Amino acid sequence: MVSDSPVYNVKISSVGPGRATVGEVVQHYGGLDLAMKLHYLRGVYFLGKAAAEGMTTTHIKESMFLLCNDYYMTCGRFRRSVGSGRPYMKCNDCGARFLEAQCDLTLEEWLDGYFSGKAEWNVGQLVYHLPVGPELFFSPPVYLQVTKFKCGGMSLGMSWAHILGDIYTATDFINNWGSYLAGHKSNGPFHQQAQPILNRPLLPTSPNGQTPEPLSLKRVDPVGDHWVTANNFKMETFSFRLTATQAAQITARQTHNKSKKPSLFESITAAIWKSIAKIREGINEPKRVTIIRKTNSSQDPMTGNNRIAIGSVSTDFSVAGSDSGDLAEWLSDRIGELVDEKDMIDEAVERDDGASDYVVYGANLTFVDLAGADLYGLESNGQGPEFVCYEVQGVGDEGAVVVVPWPKSSDGEGNEGRVVTAILPEEEVEKLKLELRKIGVLEED
């Protein structure tokens, strides 16, 4: 924590399964999972006073022990296979790191500071994060932090290694914790059973024996056992909120006299894509973007990255010089026909048995739609979170934009607000803010 942070009295411990994981249990990862190993999800759930009432450290930890009985794979440590060096998880119950902290602000004061861009009030103060490595056998894949505010509210922060699973897996983990917290579920230490070895899925077979190269994947220089993206620029994160009214206005401006009405995500993507294109106008203008969103899948929700669709769209025209409404309409058509590249990514990584390192977020300018995630499914004392935010760590140089639902901001007509988080090269952040103010997406300070 930085010295001028309002967060203080930080204590570090661990939580793990309340019962021993029986046998030699390992988790093998598929090519898609390994493609995500340099990426991390960071989320913070803000709970009001009523929701946080009775949340003692003992109660929180006891419920976490029960949760980790089910999610024992989050409490293991990474190893490498002899010979190939392919990473896998040894489910040895070493635990997730658990932090307790206090904050001398109210929850409302913190959120006001967060949205006004105060550097010392960033998400990093409420969710501890370290990347995996350089000593794999010491590095937990999950960090949890409970911070109590002076108003009686609290936040739960989580850093989640993306190799474990996608945003839907991560939110299921948190939402299931709420069930144990409330006493609705129990799986105590006397129900031990042998655990199976978890095998990576078989690759799909292409009709012609070869899969096209995925446009959404970029190979990077080897990182060894320190799973950190090596950027050419210092990356910076900033967030801003759109009320339901503002969100509706953005869509209305871009659909005026248009035959098709793009979604709110498509309208926001078009506005920000064009703004970034103007900043990078010329040879660096991004004419290809990656879209990550929810897909239907019957895969096990406790593991894996199978519930996201990953695809890219490319233009043959200048994005910076386009009409944002036309761009949103064009984008809507392309997203509707988007080819999910998960299988292509899986096969590309498998060609050298997972030995190479890659980035997905930031391989191209990446837009992430979290509208399908159950972000507000956590319940405590019958209350849901006041606010939930998520961002991505380990983003490549092209940057990423995460669009998060904000149901607390609703206009009663079915419109919800959004919180937008951009992770971009540091020198572009102020320029982007200026462009967004020009088009009315971002309010003046």
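The values are calculated or read from the model by the stated rules, or taken from the named source; none is laboratory data. This is a predicted model, so every value here is computed, not measured. Counting neighbours? That spans all protein chains shown, and the Cβs are built from the backbone with ideal geometry, glycine included. With ligands, DNA and RNA removed, areas are computed over all heavy atoms of the protein, side chains included. Shrake-Rupley method; radii C 1.70, N 1.55, O 1.52, S 1.80 Å.
Miscellaneous remarks
- Checked against the criteria, PRO214 does not count as assigned to a loop (DSSP other than H, G, I, E, B) and modelled with pLDDT under 65.
- Within the range 110-169, the set of residues being of a type in the set (A, V, I, L, M), in a loop (DSSP other than H, G, I, E, B) and either touching a Cys at 6+ places or on another chain (Cβ under 9 Å) or surrounded by 20 or more Cβ atoms within 10 Å (Cβ to Cβ) (or both) comprises LEU126, VAL127, VAL132.
- Here SER318 meets the list (1) surrounded by 18 or more Cβ atoms within 10 Å (Cβ to Cβ); (2) under 28 Å from SER275 (Cα atoms) almost entirely, failing just condition (1).
Matching residues to (1) farther than 18 Å from LEU365 by Cβ; (2) of a type in the set (Gly, Ala, Ser):
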{"site": "ILE276", "(1), (2)": "no, no"}
{"site": "ILE279", "(1), (2)": "no, no"}
{"site": "ASN296", "(1), (2)": "yes, no"}
{"site": "ASN305", "(1), (2)": "yes, no"}
{"site": "GLY311", "(1), (2)": "no, yes"}
{"site": "ALA320", "(1), (2)": "no, yes"}
{"site": "LEU327", "(1), (2)": "no, no"}
{"site": "LYS342", "(1), (2)": "yes, no"}
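- When the residues of the range 376-431 are filtered to those that are open to solvent by 30 Å² or more (accessible area, probe 1.4 Å), in a strand (DSSP E or B) and at pLDDT 90 or above, the one that is farthest from LYS218 (Cα to Cα) is GLN383.
- Yes/no for LEU370 being touching a Pro at 6+ places or on another chain (Cβ under 9 Å), modelled with pLDDT of 95 or more, buried (at least 16 other Cβ atoms within 10 Å of the Cβ) and under 14 Å from MET235 (Cα atoms): no
- Filter result (small (Gly, Ala, Ser) and under 19 Å from PHE98 (Cα atoms)) within the range 158-178: SER159, ALA161, ALA170, GLY178
- Residues in the range 342-355 include at least one that is surrounded by fewer than 24 Cβ atoms within 10 Å (Cβ to Cβ), at positive phi and not small (Gly, Ala, Ser).
- Restricting the range 252-271 to residues that are more than 19 Å from CYS389 (Cα to Cα) and buried (at least 20 other Cβ atoms within 10 Å of the Cβ) leaves a set whose member that is modelled with the lowest pLDDT is GLN254.
- The criterion of at least 3 residues that are open to solvent by less than 10 Å² (accessible area, probe 1.4 Å) is met by the following strands (runs of 3 or more DSSP E) wholly inside the range 1-108: 40-47, 96-103.
- Residue pairs whose Cβ atoms lie under 6 Å apart, sitting 6 or more positions apart in sequence or on different chains, and linking a residue in the range 47-70 that is among the aliphatic types (A, V, I, L, M) to a partner that is in a helix (DSSP H, G or I), are LEU66/TYR180; LEU67/TRP177; LEU67/TYR180.
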